[in-house]
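The values are calculated or read from the model by the stated rules, or taken from the named source; none is laboratory data. Owing to the predicted nature of the structure, the values given are computational and were not obtained by experimental measurement. As a convention, Cβ positions derive from the backbone with ideal geometry for all residues, glycine included, and neighbour counts pool all protein chains shown. Note: areas computed on protein heavy atoms with side chains; ligands, DNA, RNA excluded. Shrake-Rupley method; radii C 1.70, N 1.55, O 1.52, S 1.80 Å.
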Amino acid sequence: MSTVTADAVRLTSEQAAVFDAIEHTRDHVFVTGRAGTGKSTLLNHLAWNTEKQLVISAPTGVAALNVGGQTIHSLMRLPIGVIADNELDQPRELVRLLNSIDTLVIDEISMVNADLMDAVDRALRQARQRKLEPFGGVQIVLFGDPYQLAPVPGDAEERAYFADHYRSMWFFDAKVWDETSLRRFELSEIHRQHELDFKLMLNAVRYGRVTKEIADRLNAMGARPQPEDGTITLATRNDTVNRINATALRKLPGRALTAKAEISGDFGQRNFPADETLELKVGAQVMFLRNDTGQGGDGPRWVNGTIGTVVRIDTNVWVDVDGEVHEVEPAVWERFKYTYNPLTKKLTKDVAAEFTQFPLRLAWAVTIHKSQGKTYDAAIVDLGTRAFTSGQTYVALSRITTLDGLYLTRPLRPSDITVDPDVERFMRDARPVHVPVAAASPATP
């Protein structure tokens, strides 16, 4: 998801209806939907317009950065690994913090496993001394798409634990849901693709219902000669991406210039939102890693995922985007920490660490995982020997805005298009709440 900012946003009627369900009830809500349906837009609007004491969290450092939140483990001081029934250490300031929350948002919920979901429940019950009430009375709002990202399995012992204690690793099989209900809202309006045929094909890939006719059409489009204009490659493996980028950079004349990130506080290397050491040359193809924050009256000059070409490097980097050259300055990513202020009796969100670097990455290639949330007019999809996880092919194909922009390094095979049976079961049984679909309405100021 894109970094949360205070940009004015117009909600569609279905987004507004989901916002109202979150804002005006205490119900636990799961907001899902296909790629490009505006989940990020809704979360952004909620963050800026809620009247509730709201905390935003995510399972990984990078996901938390993207939504201006804090990781679940850091927020709740939970141990890493399977938590099970281990005792939870809750110092006084943590108890105060957890008692001040009205609504807890968890983004990228599909990456949260059942054990962590139950640990969140137990931590809130314990801190709020409401042992018989799910989540200690806190409203839980979940954002994500289980058809795109899955929880990462641990070692053999952890997998054995899940096999013994849970129906599956997924968040929706946590034991807390035996005690309370979860209202599922599915956003249906796709804002990324506009071709009906391509939308239908992506839907078939999402649900694992690809017919021979659809597969033949995708493969026929993908088999066209690959463009040599720098069209980005989406690959399954890091080493493939690094090789493509390094080879392309090496081919450019001149020497590479290096920008080193400035880091203050304990940012955590695994959470770096950009390269700690960024190597660039004039002519390098780059991708922006966050939305433009210094925009003028004509709207943003670039968004997270925009592709451009470096045309000049001095103190700053000058990037050509569709014929317009923009000066790009280093950006500051802030890692947040929530604290409770006993004087104001309010939650505060404080900066715990900062990472400063040009918001750019070499972009002849990127991993499918890192392409999550991005949009491309065209892309070369490289699935290597196989797609590694359920939903990986769907994530890759759904980044592209038109069927004409799809290129494949090899034909799609049936084994590339898989859906986790537990996801199929949950999405079949958890019937969505249907909300109206109509024209956009102005967002609440």
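List of remarks:
- The lone criterion from (1) in contact with a helix residue (DSSP H, G or I) (Cβ under 6 Å, 6 or more places away or on another chain); (2) farther than 21 Å from HIS369 by Cβ left unmet by GLN126 is number (1).
- Residue in the stretch 139-150 that is farther than 30 Å from ARG10 by Cβ, modelled with pLDDT under 95 and out of contact with any Asp or Glu (no Cβ under 6 Å at 6 or more places or on another chain) present: yes
- Note on the stretch 27-41: residues that are in contact with a Ser or Thr (Cβ under 9 Å, 6 or more places away or on another chain) and either more than 17 Å from LEU149 (Cα to Cα) or of a type in the set (Ser, Thr, Tyr) (or both) amount to 6.
- Entry remark, the stretch 158-182: residues being farther than 25 Å from THR25 by Cβ, in a helix (DSSP H, G or I) and open to solvent by less than 70 Å² (accessible area, probe 1.4 Å) number 4 in total.
- Residues in the stretch 260-274 that are under 27 Å from HIS326 (Cα atoms) and open to solvent by 60 Å² or more (accessible area, probe 1.4 Å): LYS260, GLU262, ILE263.
Listed here are the residues, each with its yes/no results for (1) small (Gly, Ala, Ser); (2) open to solvent by 30 Å² or more (accessible area, probe 1.4 Å).
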site: ARG184; (1), (2): no, no
site: LYS199; (1), (2): no, yes
site: ASN203; (1), (2): no, yes
site: ALA215; (1), (2): yes, no
site: LEU234; (1), (2): no, no
site: ASP239; (1), (2): no, yes
site: LEU249; (1), (2): no, no
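- Strands (runs of 3 or more DSSP E) contained entirely in the stretch 343-419, each with at least 3 residues that are modelled with pLDDT under 95 and open to solvent by 30 Å² or more (accessible area, probe 1.4 Å): 346-357
- Taking the listed residues ASN49, ASN66, the one that is of a type outside the set (A, V, I, L, M, F, W, C) and over 17 Å from ILE109 (Cβ atoms) is ASN49, with no other qualifying.
- Here the stretch 282-315 is the region considered, the condition is being modelled with pLDDT of 95 or more and part of a loop (DSSP other than H, G, I, E, B), and the residue that is least open to solvent (accessible area, probe 1.4 Å) is ALA284.
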